[in-house]
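Below you'll find the structure, written out as structure tokens, and then a few comments.
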Amino acid sequence: MQFMLLFSRQGKLRLQKWYVPLSDKEKKKITRELVQTVLARKPKMCSFLEWRDLKIVYKRYASLYFCCAIEDQDNELITLEIIHRYVELLDKYFGSVCELDIIFNFEKAYFILDEFLLGGEVQETSKKNVLKAIEQADLLQEVILRSVLRSLNV
Amino acid sequence: AGGRSGRSLTPWPGQQEKLIQQELTSLKATVSAPTTTLRLMKECMVRLIYCEMLGYESSFGYIHAIKLAQQGNLLEKRVGYLAVSLFLHENHELLLLLVNTVVKDLQSTNLVEVCMALTVVSQIFPREMIPAVLPLIEDKLQHSKEIIRRKAVQALYKFYLIAPNQVQHIHDKFRKALCDRDAGVMAASLHIYLQMIKENSSGYKDLTGSFVTILKQVVGGKLPIDFNYHSVPAPWLQIQLLRILGLLGKDDPRTSELMYDVLDESLRRAEINHNITYAILFECVQTIYTIYPKSELLEKAAKCIGKFVLSPKINLKYLGLKALTYVIQQDPNLALQHQMTIIECLDHPDPIIKRETLELLYRITNGQNVIVIVQKMLDYLKESKEEYAIINLVGKIAELWFIQTMNAVFSVGGDVVHPDIPNNFLRLLAEGFDDRKEDDQLRMYAVQSYLALLEEEDALYPQKFLQVMSWVLGEYSSLVTDVDPEVILTKLHSLLKKTVITSETKMWIMAAVTKIASHASCSKIVDKLIQEFSNSLDTCMRQYAFELKHLCEDKALMRNLLPFDGSCNDMVVDASLSFLDGFVAEGLGRGAAPYKPHHQRQEEKLSQEKALNFEPYGLSFVSSVSSSGVTGRQSPTGLSFGSDTSGNSAETGHKETNTLKLEGVRRLWGKEGYLPKKENKVGKENEPQTVSCGSLLAGQMGDPPALRSDQVASLSEEDKEKQQLASTLFIGLGSNAGVSLMGKADTATQKFKRKSKINETQSSEEASDFQDSAASDFGPLLDTVPINMEDCEGNIRTRLRKASLCSSDIVEDNLAFETPQSLKKSGPDDRLPDIRLSQSSLFADSNIEIFQPSRNAQSESASKTPLVPCLSEELEELTHSEVVELCQSDALALYLCKVWTDDSLLLIVFVSNKTTSALNAVNLVFEEAEHFQSTTYQFPVIEAQNVERCQKRVWMDKICTQGILSGSVNYQSEMETRLEFSITLSLVDFIRPMEMTTEDFGKLWLSLSNDVKQNIKMSSSQDSLSATLSTLQQKLKLHIVDIIGNEGILACQLLPSVPCLLHCRTHSGMLALWFRSPCSALPDGLLYQCQKVMEES
């Protein structure tokens, strides 16, 4: 996978993850054009796009578009399932996820993504394992908080 | 708490810009303040990430992200690492500062820290620092926690991608990872294996068994339930394994053998109607078609593709088309089964589906359906706005259509095609486009298609086509590596032996043989060929054979002389012929006269006749060209040289491509597309033989034609159309049985053709109209026979005119040499002067009407005749010049008036008797000069104070910008007196407007071949195009056909009827002129006149 973009129906970027080294300028250009292209497509059209020299797989969940760029020989359907699995993970973590969850906790969304996809490849397909890893790290947060609070009390 | 950062940013989109700028300023202050705690810094980083995502510059925070990863506690570090991985790319210099932190964290006892470090390493890491962390990561492969092992494998995969050499020594550790007890670690290792097998499949054949076993276990549900996805066992793992198996089994029957079972099982198991099963099925089908085929599996896979194609789900349909595209070359019948679906997809509202369908059609394109497919592609192209798609598709169209259509054009048009067409075609092929790879593809395609054509034993191709073939084979056959040059040589050799091949074509073939021989090592065929043709009766062939023989003896020279793809290299030609200096010096030494250029000789001749020449020299426009701000002007001599020395040898062929380079694709690609008119003509002439040409026209004419309802009444109109389209698209594909799936495929095709012929006749009517008009335009000129001459002479004159009009000076010179000799032998003496004149004459004066002094005039003059003459009423109405005085003496004055009638230039010479007595025996003689015939007008008597006039009709025969007609008048008064005069005739005198419509202009434009382009500066007074054009219209009598924006088209004709078209375009103070005419010298002459007019105004 070359990159993944999340953007709203209004074209606002919500999350971006690039797995290929590109300059900021290129990233911006690609994002702008791709968002336009995808938003212009009608709901009944197919989820795959041949765009420039890339293959784009996108899917809309409520107000959010999830959009992945893959190479030509990659499997489009499985990429669609990657998106779906990521949404499932977000859903499970946030408890029926909505766009606002991602806006306000976008770093969490990134952590989950990094646990699921690493360097553009699927790392862990088990929902349980991904969330376990995230919760472990999150737990630390609470442990530290508690210790900080304790130290403040003392 | 940091996660709330976005809240303040989003709710007011209108103010967002301002808010974020404020936010960034405060962030900048905060991160650089020394008092900022790490906790606050973490908060800042989250906000910065957000700002950057919105597209704001936040590079000032990058270094602080690294610091945070370095110094923070776990939570802060986590955000620090995240920020680093989002901000930086793997070549960013700041990344080096992260290495120490990573090394430290990899050694940490805290699992979470180790995980974070591995995660960041797997995403971005500086290549040159890999050795610093590699041992640590290798250690992690033995870690007790599977998550650590998995991430370590993933980090190694990253290293393998960016620096494969650095991880070579740990390949056996990859194997260990493959056999890891945890499926996640094993799955991660597959990424590495897929990559390695992609690069070198033969090195990993021994692992095939393991991969098959793993896949069997996965498919059999032996993996922990955690790995299930929507109750399908580990789909990602399955797909990864299927891809690996495909790569391993490709072209390898033995390895493929091992995987047939598991593939079969995969197909069987994937039954649930869910996207994920289709994903696996798709991969499975692809693998089955990639590996060594097994018919049983192929059958099942084909059925599977059918499920995709017929699925109502658009995503699956798309993949079905993709799969079809993939398998079509192996199994064209599959496309036939689904042709109706494909036709439907061709008009699908989703452009992506359409495009994939075109991709599919592209793969099945053959000689019979190319036209329809290309038409479909063009239709798509018209709707498409996306640049990449357009580039891609245009490349394909060019490849398919260009070569094949040109093949059709050549084989159908045969030797009647205009020589420019093959020349242009070859030039396009040689010069190529921007992309080297595509060029070579196109050339290879051409070579292959020609080899296929030559394969047919008894096929007879037109000479021109054979010439094109041999040139392409000579130049580019070495691009095709899988064909032995010996095979090509054999084919060329057998061509050479055919009697139907003209000797010109043989030259082309020999040139090709020479070129191929220069790439190949010694060849028996070449030797044989040299032997055979060294004794040829054809001197050219003998010459070639000898050249080839000598070149073969010196391979180095040969390679030097004939570099590969050298057709576009500019050749340095010593135009001054300095290598002949010695020869010239020798000649001069022996007393030969020094060479004088043509214009010098002409001038000398003129100056011999007149003491002082006050007229500008006729041919001096070269200097005036340079004075008028010339940019990028091609030398007219270069042009005519290039087109006249048609390629008798490869070398001349080279020159052609060089000299004509300036003219681009335009001639083939007119404004409305590819020169369709010309093809029409070709199609018309050979209608019965060609199917393809006809249907091309049909395609161009518009929609797929409707079937006649009485033929297939049962089908709805729409379906019929589709069926027709299908039969046209899938024609020539697969077996006949496949075609008959369509039921009435054959008849449908027939009808399609018939309909197309109707279109064709229409268009050919147009074409023939055009041709007729063209013929009538050119006709009189070529066939003009001087009325007052005998037939024999007339013929000769016609011949000469043809030569001088249609071709170059060279040819004419030759003719001029030959004719007088042959005539001297045959013709009676009294004909000689005429003939000698006509060969070198500048002006034709074939129709001389002598106006005898009218009796009426005499009586009128008796009453009152003005001394300054005026024209008769009928002539007065025509456009004419002022009456100017030619010369005068005490007794007599000569006046001239030019009358530009529609069909000629009339010279009216008034002879005015100024004396009070009658002048007797006035003889007006137009001198027998180089360019003119002598004519004598005799006026027995001119009454006192009277004016007589004579009328001479002049046409321009050989084009020049200016010519002089001199003459004299003598009369008897007291003594015999002689008065001389000269009349300057300009090219403009013979130019008449030519009225036509824009459409006719376009047709004619495309049919003309001699062109001249020139940019000239416009003065400030002529800043508007229309003003400039009307100047040209007035001064040069050009007809303005149309003005569109900054472009204008004008047409005129040289009397009697040689058309010349002019295309003008203004841009930034320049006027770009582009002339075209069937006569090569006319554009040059007109250009000169235009420049003169522009300078004057």
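The numbers here are math on the coordinates, done by the rules we state, and not lab data. Computed from a predicted model, the values in this text were never measured in an experiment. In this analysis, Cβ positions are derived from the backbone assuming ideal geometry, glycine residues included, and neighbour counts consider all displayed protein chains.
Numbers for the structure displayed
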| read-out | value |
| --- | --- |
| Surrounding net charge for B:Gln1089, when Lys and Arg each add one and Asp and Glu each subtract one, Cβ distance under 12 Å | -1 |
| Sorted by Cβ neighbour density within 10 Å, fewest at the top, the residues B:Thr481, B:Thr984, B:Thr208, B:Thr325 | B:Thr481, B:Thr984, B:Thr325, B:Thr208 |
| When the convex hull of its Cα atoms is projected in every direction, mean area for the range B:180-317 (nm²) | 8.0 nm² |
| Euclidean distance of C-alpha centroids, the range B:178-224 and the range B:306-379, integer Å | 34 Å |
| Out-of-range pairs (alpha-carbon distance over 29 Å; input A:Lys59/B:Lys205; A:Lys132/B:Lys104; B:Lys307/B:Lys376; B:Lys506/B:Lys596; A:Lys55/B:Lys307; A:Lys128/B:Lys317) | A:Lys59/B:Lys205; B:Lys506/B:Lys596; A:Lys128/B:Lys317 |
| Inter-part distance where the range B:947-977 and the range B:545-561 are each reduced to a Cα centre, Å | 61 Å |
| Ranked by how many other beta carbons lie within 10 Å on average, peptides B:104-116, A:111-123, B:1076-1088 from highest | B:1076-1088, A:111-123, B:104-116 |
| Distance from the range B:96-143 to the range B:17-63 (C-alpha centre basis), Å | 27 Å |
| Positive-end extreme of charge dipole, the range B:888-1011 - chosen from B:Phe981, B:Val922, B:Val954 (charges on Cβ) | B:Val922 |
| Global size of the range B:950-1085 as Cα Rg and Dmax, reported in angstrom | 18.9, 67 |
| Over 30 Å between alpha carbons, listed pairs B:Lys515/B:Lys958; B:Lys151/B:Lys300; B:Lys145/B:Lys216 | B:Lys515/B:Lys958; B:Lys151/B:Lys300 |
| For the range A:1-44, diffusion coefficient by Stokes-Einstein and Kirkwood Rh (Cα), 25 °C, 0.890 mPa s, µm²/s | 221 µm²/s |
| Cα-derived Rg to Rh of the range B:1016-1074, Kirkwood definition | 0.98 |
| Inter-chain Cβ neighbour average for residues A:50-59, partner chain, 10 Å | 3 |
| Protection proxy ranking of B:901-913, B:530-542 - average other beta-carbon atoms within 10 Å, highest first | B:901-913, B:530-542 |
| log10 of Debye I(q)/I(0), alpha-carbon scatterers only, for the range B:270-374 at 0.11, 0.17, 0.22, 0.23 Å⁻¹ | -0.32, -0.76, -1.20, -1.29 |
| Magnitude of the charge dipole, the range B:104-191, Cβ model with Lys/Arg +1 and Asp/Glu -1, debye to 20 | 140 debye |
| Principal axis dimensions, largest first and in whole angstrom, of the range B:17-96 by Cα | 33, 30, 18 |
| Three-way shape call for the range A:1-75 based on the alpha-carbon gyration tensor, with the a/c threshold at 1.5 | oblate |
| Fewest-first sequence of B:Arg127, B:Arg243 by Cβ atoms within 10 Å of each Cβ | B:Arg127, B:Arg243 |
| Global form of the range B:308-356, assessed from the alpha-carbon gyration tensor, a/c cut-off 1.5 | prolate |
